[in-house]
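The next block holds one structure in the form of structure tokens; read it before the comments.
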Amino acid sequence: MLFSIVGKIKKIILFSFIVILTGCSLLNFGFKLNIKPLNIPPHVGYILSKSSGYITVIDTKGDSVIGKEQVARRDNMVLAEIGDFLIHRSLIYVTLSDRNVKDKSNSSSSDVIRILNPGSGEIEESKVGFSPDKIYPIGDNLAFVSSDVFYYSNDSGYNYIYDLDNKKVIDTLAFPWFTLVSCAVTNGDTVIMLIEPPDGIQYFLLYSIRQKCVISPHIDFINTNEEGSNNMIVQGDQLYACGTKHIMVFSLSNLVLEKSIDLPGNNERLPQSAVAVHNKLYITYYDANGYNRIDVVDMNGNNQIKQIDIPEGGAEYIDYSRDLDRMFVASYLGGHVYKIDPNSDSITDVINTGEEGEFSVIHVEDR
């Protein structure tokens with residue numbers, strides 16, 4: 001099966017009913033997290049450890065740790081399940097796909113995004129819908145929030161257009177027949193979604209932010225390499241979709257495959273994230289026993305030009321500070337953050353965070 005290599009875990013929750021919440025509700029959730037006000041510097045990075053439930057805050061210019069903020073609670077060695085997070089106007093938006101830490105046998109999914117102000121230490125929750133998982137920025141103040149579970153009574157996957165400023169859902173997208181969204185990017189008013197149906201044959205679907213509706217029929221994800229993708233990036237007039245052994249380059253105007261770029265040596269590990277810097281594409285992987293490198297692709301010549309070794313399990317996510325002209329990756333294991341110069345494609349500094357959990361997502365912000 002096509003997606004045996006993808007490693008995405010699908011969860012089907014047996015519920016007799018569910019209410020999809022499209023309004024905003026700030027909740028007093030009745031327990032305290034280990035959160036305190038931090039002095040946030042102009043150049044800051046946030047690194048999530050899903051295994052500990054903490055976000056480590058670093059000064060990306062001074063290469064130092066500012067502090068740690070707890071965003072998910074642990075109860076009797078069971079941790080609430082974090083999906084993803086993003087940064088918007090210095091606030092941290094964390095998706096909780098499951099926050100029932102007392103009795104996991106109930107398979108009770110969360111319906112909230114947890115919002116943290118690291119500067120003030122304030123925290124609140126905003127209701128979205130069924131099991132929010134990945135969260136993608138779209139436009140200046142919106143996010144696309146996907147779900148990693150299905151609502152059993154109609155076998156549908158629900159996704160949400162979320163207003164980050166007003167902290168509320170403004171539209172809900174339901175895809176039937178056990179269909180999920182693998183990833184999403186924005187191109188002007190249009191959100192480009194890569195859809196994953198039960199048969200594993202991915203396809204594109206387009207959504208208009210202004211019209212609040214899907215504006216395209218099924219568009220084939222033409223893929224001669226028999227690969228799936230869960231990561232896309234828009235650069236200029238092209239869309240780059242990252243597969244296990246290839247980068248597939250599509251025209252943005254019609255989503256027609258233009259070129260496939262070989263990624264030799266990958267041990268069938270699907271790329272986790274990518275960032276475009278100086279006309280180069282940097283693609284991350286993580287694998288404690290395998291492909292612990294970043295692939296560097298020349299976006300002008302459309303060919304792989306270099307690999308950057310990242311020890312300790314590789315890196316799951318990468319981000320870029322335009323002000324500092326540096327990229328930042330967090331080791332999957334070991335608690336280190338690596339600063340990379342895109343001009344030399346070399347590691348210039350290593351920050352030891354002291355975190356013992358596994359790092360996943362890192363975001364940097366130039367305030």
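The values are calculated or read from the model by the stated rules, or taken from the named source; none is laboratory data. Quantities reported herein were computed from a predicted structural model and do not represent experimental measurements. All Cβ positions, glycine included, derive from the backbone under ideal geometry; neighbour counts span all protein chains shown.
List of remarks:
- Residues that are modelled with pLDDT of 95 or more and in a loop (DSSP other than H, G, I, E, B) within the stretch 44-61 comprise 60, 61, listed in sequence order.
- Some residue of the stretch 107-128 being assigned to a loop (DSSP other than H, G, I, E, B), of a type in the set (Ser, Thr, Tyr) and modelled with pLDDT of 85 or more: yes
- When residue 253 is tested against (1) crowded, with 21+ Cβ neighbours inside 10 Å; (2) over 23 Å from the mean Cα position of the chain (by Cα); (3) among the hydroxyl-bearing types (Ser, Thr, Tyr), only condition (1) is not met.
- Boolean, residue 222 is crowded, with 21+ Cβ neighbours inside 10 Å and in contact with a strand residue (DSSP E or B) (Cβ under 7 Å, 6 or more places away or on another chain): no
- For the stretch 67-100, the candidate set comprises residues that are more than 25 Å from residue 38 (Cβ to Cβ) and assigned to a loop (DSSP other than H, G, I, E, B); within that set, the residue that is modelled with the lowest pLDDT is 100.
- Filtered residue count, the stretch 82-96, keeping only those that are among the hydroxyl-bearing types (Ser, Thr, Tyr) and within 13 Å of the chain's Cα centre (by Cα): 2
- Subset of the stretch 310-364 [among the acidic types (Asp, Glu), surrounded by fewer than 20 Cβ atoms within 10 Å (Cβ to Cβ) and at pLDDT 90 or above]: 323, 325, 341, 345, 349
- Some residue of the stretch 24-36 being farther than 15 Å from residue 363 by Cα, part of a strand (DSSP E or B) and at pLDDT below 95: yes
- Whichever residue in the stretch 81-97 is of a type in the set (A, V, I, L, M) and surrounded by fewer than 20 Cβ atoms within 10 Å (Cβ to Cβ) and, among such residues, is nearest to residue 50 (Cα to Cα): 87
- Candidate set from the stretch 185-196 (those that are touching a Ser or Thr at 6+ places or on another chain (Cβ under 7 Å) and within 21 Å of residue 271 (Cα to Cα)); member that is surrounded by the most Cβ atoms within 10 Å (Cβ to Cβ): 196
- Unique residue being assigned to a strand (DSSP E or B), β-branched (Val, Ile, Thr) and touching a Lys or Arg at 6+ places or on another chain (Cβ under 6 Å) when the list is 296, 275: 296
- Between 199, 237, the distinction of being surrounded by fewer than 17 Cβ atoms within 10 Å (Cβ to Cβ), more than 17 Å from residue 137 (Cα to Cα), modelled with pLDDT of 90 or more and of a type in the set (Asp, Glu) belongs to 237 only.
- The lone criterion from (1) in a strand (DSSP E or B); (2) in contact with a Lys or Arg (Cβ under 8 Å, 6 or more places away or on another chain) left unmet by residue 134 is number (2).
- Any hit, the stretch 179-189, residues being modelled with pLDDT of 90 or more and in contact with a Cys (Cβ under 9 Å, 6 or more places away or on another chain): no
- Residues located in the stretch 260-278, provided they are at pLDDT 90 or above and exposed (fewer than 15 other Cβ atoms within 10 Å of the Cβ): 278
- All strands (runs of 3 or more DSSP E) inside the stretch 141-230 with 2 or more residues being more than 18 Å from the chain's Cα centre (by Cα): 149-151, 168-175, 203-208
- Residue selected from the stretch 133-173 under the condition modelled with pLDDT under 90 and among the acidic types (Asp, Glu), by the criterion surrounded by the most Cβ atoms within 10 Å (Cβ to Cβ): 148
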